[in-house]
Amino acid sequence: MSVAARVRRVRAPPFVDPAGYARHRPESTLLYQLVEQHYPAFRELRAEAGRPLPEYVQQEFDAYLKCGRLEEGFLRVRCEHCRAEKLVAFSSKRRAAHGRDRCAASR
């Protein structure tokens, strides 16, 4: 077996996070849990009362609930040196429902 073939087989464990790094998990925050639990019913109550939320408000909440979630899309990042991999969730890049400056998932 050639040296190149042996080198290709050596791999670090997948999805190794660098020391001190923790992936943002928006679904574990209290705000996310409250919005996820109560927003759908609130939106329906407003619609039934004939006063639906403006479209831009609904878009912000929908984007907030998708932002930073791996199931909504991600990149697989691999270190060229040690071949360790990790997943980086997409962020929405919106401002209104995410905080003052930018989406917390992109930090």
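Just so it is clear, none of the values below were taken in a lab; they were calculated from the coordinates. No experiment lies behind these values; they were computed from the predicted model shown. Backbone-built Cβ (ideal geometry, glycine too); neighbour counts: all protein chains shown.
The ranking of 39, 64 from fewest to most other beta carbons within 10 Å of each one's beta carbon is 39, 64. Simple spin-label estimate for residue 82 and residue 25 gives 2.2 nm between the two label positions (7 Å along the Cα-to-Cβ direction from each Cα). With both labels modelled 7 Å from their Cα along Cα-to-Cβ, the residue 93 to residue 48 distance reads 3.9 nm.
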